[in-house]
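To start, the structure under review is shown below, and the notes come after it.
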Amino acid sequence: MTTPENNDPTAPADPQPHIVRPPEGPQTSPNRGPDTGTTTGKAGKGEEAHQPHQTGVRDPDVLAVNEAVASTVRTAYDVLSDTIAQGRKAAEQFRVGAYNVRDVPEDLRHMAGNLLGLARQLSSTTFDICEALLRQADGVMTPPPPGSTHVAPFQTPKGEQAAPKPAAAHAPAPAPAPAAAAAPAHASAPAHAPATAPASEIHLTVTFEGHDSARAHTTTISRPKTPTGTEQFACDGLIQRGGSAAPITAVAFDAHPNGRGMVATVYVPPEHPKGVYVGAVYCATQDLPLGQLVIEIE
Amino acid sequence: MAVEGALLQRYGAATRAEVMRYLAAGAPSPFLDEMLADYPARGGKMLRPAICLANAAVFGGEASAAAVRAAAAIEMLHNALLIHDDVQDGSELRRGKPTLHALHGVPLAINAGDALLFAAFAPLIDAVTSLGSHVIRQVMDVTSTMARQTAEGQALELGWRDRNVTGLTEADYMRMALKKTAWMGMIWPAQLGLIIGSRGRLDPEMVLRFGYFLGLAFQIEDDLRNLSEDPGYGKEQNGDLAEAKRTLMLIHVRTACDAEERARLDSFLALSREDRSAEDVLWLARLMHERGSIAHARAVAAAMAGAAEHEFAAVYGALPPSEEGIFLGSLVRWVFDRV
């Protein structure tokens, strides 16, 4: 793979003292035309340097050798040209391939541009967030005037605002919805404030699954004294009044999809005996029951 | 040659110091450090680094620190390939001493060659890092091309020998010598020097032809010396014949001899190395003389030298005269005068 080394100090200073120098032009010229490579051809630039070695040489045998050597030089140029051409062809194929290392700088530039764009957006978003936080902080730092803070009452069924009715003695007085924002908090009611149930009660919608001829007699339950999640509502098993049928225990509570209080879903087995069933409704945040759930299977 | 010799000595010293500096870096490693430094410490002509440094000076005004690092990379890579080359050829001597695999065994020698091969990239990268991406790109291009060409050339020579390929032409031989010898030995170092010296402003192909013909002359002369009374580098006389190495002389004699001689020659080539007798080797050596193969090879080597001079003048002739330019031009004659 590499050229041999020759460091032998005992080697002769000139082991080939009788080197035959190239005859004339062809061996020193890249011209590979059909007329070059002969002793009668035009001499190349190296002619002067080698002419002395060949001066007077006109022996036919020597001429034949010279022609062969000249042909070899021509072949050498052809070999080099072929090799270079193959290398260029390979490089060209590589260059137009699926991916070229020459594309790396451009790809890097593109990627860096994308990164800068992302960084710019991230910075802009960050500043927007900071600005919003600052505005909110300004608002917090300015205390509201006494009595201007409005805290909405705990969830009020929307359906109860449709039909106003006289408020209970301990409940806030209902007010027209458009005036809600301007009126003092203690004198106003939310826009969806119930009109048919006092604020101390929650509208209860009862739906049934399983049995197709059951109906509910309960429409409201008491409002819990503290905010309570729907998952904290529960009901005792519904016991048959005057009978010994199995209690109905599958009762689930959820918020009404339209904001109309609570929804109790009662599963009544299809062949369950007829009768009135009663069970207490509780919530996890207080001990007193919120009311009784009364259903009737007909 | 005094001026050129002094330049070669100066370049060699700078390169050797840089090589040793890079080899000394890193934590001590048993079974490796000693072997990495073995071949570089044995000396060597430092021809390849000198070609690089001279070209850097010719095209850049000075042999910069970057050029010295590139020269160190060249020398390290060259020594790595020598280790592997010795294993592939089963050589016993290198620079007058036992080869690395003869001293430490083939596995450790190959490992050391691998390590030296990759260690060479450290000075090469250091050399070009500060010169910009364009220069880096050019250096990587010519280096990868050199690696490919060198491997192809080595494959040709080993394949011809091991598969007993006959019927080769002179063009085949030149293609092999171009790839195996010239590219790594002359073309690549010159290209590295040109790229670094010119900061990538010149086309590396400028120096390709000069390196090619110089390498061809070098290889043919080397093959001729193997048939001389003193092969010079520790090998036996006619060792290439015993190994059936495909040289220009062998290719020539096979076409110049008669049918009977060709039949004997083919039988000789078909034998294994151990089965080739000394008598047959001497017969082949005589046949080469009788059929003019030696004279032909000498003439071709001289012709290649002439072509190299021509190409040298085409590339370097227009440049201002300099010590480095004279040195590069003298390499053509040095091919034949070297000791």
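Hey, any hits in the stretch B:291-307 for a residue that's open to solvent by 30 Å² or more (accessible area, probe 1.4 Å), assigned to a helix (DSSP H, G or I) and either within 28 Å of B:Ala63 (Cα to Cα) or touching a residue at least 60 places away in the same chain (Cβ under 8 Å) (or both)? Step through it out loud before you land on a result.
Residues of the stretch B:291-307 open to solvent by 30 Å² or more (accessible area, probe 1.4 Å): B:291, B:295, B:298.
Now drop any that are not assigned to a helix (DSSP H, G or I), which leaves B:295, B:298.
From what's left, either within 28 Å of B:Ala63 (Cα to Cα) or touching a residue at least 60 places away in the same chain (Cβ under 8 Å) (or both): B:298.
Yes, because at least one residue in the stretch B:291-307 is open to solvent by 30 Å² or more (accessible area, probe 1.4 Å), assigned to a helix (DSSP H, G or I) and either within 28 Å of B:Ala63 (Cα to Cα) or touching a residue at least 60 places away in the same chain (Cβ under 8 Å) (or both).
Considering only the stretch B:121-177, give the helices (runs of 4 or more DSSP H) lying wholly within it that have at least 2 residues that are among the aliphatic types (A, V, I, L, M), open to solvent by less than 20 Å² (accessible area, probe 1.4 Å) and within 13 Å of chain A (Cβ to nearest Cβ). Lay out the reasoning, then the answer.
On the way: elements: B:121-128, B:133-162, B:170-177.
In the stretch B:121-177, B:133-162, B:170-177 are the helices (runs of 4 or more DSSP H) which contain 2 or more residues that are among the aliphatic types (A, V, I, L, M), open to solvent by less than 20 Å² (accessible area, probe 1.4 Å) and within 13 Å of chain A (Cβ to nearest Cβ).
Might you check whether a residue that is over 48 Å from the mean Cα position of the chain (by Cα), at pLDDT 90 or above and among the aliphatic types (A, V, I, L, M) occurs anywhere in the stretch A:228-240?
Within the stretch A:228-240, one or more residues are over 48 Å from the mean Cα position of the chain (by Cα), at pLDDT 90 or above and among the aliphatic types (A, V, I, L, M).
Going by the structure shown, is B:Glu236 in a helix (DSSP H, G or I), open to solvent by 70 Å² or more (accessible area, probe 1.4 Å) and at pLDDT below 95? It would help to see each step written out before you state the result.
Numbers: in a helix (DSSP H, G or I): no; open to solvent by 70 Å² or more (accessible area, probe 1.4 Å): yes; at pLDDT below 95: yes.
When the stated conditions are applied, B:Glu236 does not pass them.
Taking the conditions exactly as written (surrounded by 21 or more Cβ atoms within 10 Å (Cβ to Cβ) and either facing another protein chain (nearest Cβ under 8 Å) or hydroxyl-bearing (Ser, Thr, Tyr) (or both)), does B:Gly197 satisfy them or not? Explain how you work it out, then say what you get.
Working: surrounded by 21 or more Cβ atoms within 10 Å (Cβ to Cβ): yes; either facing another protein chain (nearest Cβ under 8 Å) or hydroxyl-bearing (Ser, Thr, Tyr) (or both): no.
Against the criterion (surrounded by 21 or more Cβ atoms within 10 Å (Cβ to Cβ) and either facing another protein chain (nearest Cβ under 8 Å) or hydroxyl-bearing (Ser, Thr, Tyr) (or both)), B:Gly197 does not qualify.
For B:Met206, state whether it is open to solvent by 60 Å² or more (accessible area, probe 1.4 Å) and in contact with a Leu (Cβ under 8 Å, 6 or more places away or on another chain). Show your work before the answer.
Working: open to solvent by 60 Å² or more (accessible area, probe 1.4 Å): yes; in contact with a Leu (Cβ under 8 Å, 6 or more places away or on another chain): yes.
Yes; evaluated as a whole, the condition is true for this residue.
Those residues that are more than 22 Å from the chain's Cα centre (by Cα) and either modelled with pLDDT of 95 or more or polar (S, T, N, Q) (or both), I need them from the stretch B:317-333; list them, please.
Applying the first criterion (more than 22 Å from the chain's Cα centre (by Cα)) to the stretch B:317-333 yields B:317-323.
Result: B:Ser322, single match.
Return yes when B:Gln88 is open to solvent by 60 Å² or more (accessible area, probe 1.4 Å), over 27 Å from B:Arg10 (Cα atoms) and in contact (Cβ under 8 Å) with a residue 24 or more places away in the chain and no when it is not. It would help to see each step written out before you state the result.
Values: open to solvent by 60 Å² or more (accessible area, probe 1.4 Å): yes; over 27 Å from B:Arg10 (Cα atoms): yes; in contact (Cβ under 8 Å) with a residue 24 or more places away in the chain: yes.
Judged against the criteria, B:Gln88 is a match.
With the structure loaded, tell me whether A:Ala90 is facing chain B (nearest Cβ under 10 Å), modelled with pLDDT of 80 or more and in a helix (DSSP H, G or I) or whether it fails that test.
no
Identify all residues within the stretch B:316-333 that are surrounded by fewer than 22 Cβ atoms within 10 Å (Cβ to Cβ) and either at the interface with chain A (Cβ under 10 Å from one of its Cβ atoms) or part of a helix (DSSP H, G or I) (or both); write none if there are none.
Keep residues of the stretch B:316-333 that are surrounded by fewer than 22 Cβ atoms within 10 Å (Cβ to Cβ), which gives B:317-323, B:325-326, B:329-330, B:333.
Scanning the stretch B:316-333 gives B:Gly317, B:Glu323, B:Gly325, B:Ile326, B:Gly329, B:Ser330, B:Arg333.
Considering only the stretch B:1-59, state which residues are small (Gly, Ala, Ser), open to solvent by less than 10 Å² (accessible area, probe 1.4 Å) and under 17 Å from the mean Cα position of the chain (by Cα).
Passing the criteria: B:Gly12, B:Ala50.
The values are calculated or read from the model by the stated rules, or taken from the named source; none is laboratory data. All values derive from a computational prediction rather than experimental measurement. Don't worry about glycine lacking a Cβ; one is built from the backbone with ideal geometry, like all the others, and counts go over all protein chains shown. Ligands, DNA and RNA are stripped out before the accessible areas are found, and what is left, the full protein with its side chains, is counted by its heavy atoms. Shrake-Rupley method; radii C 1.70, N 1.55, O 1.52, S 1.80 Å.
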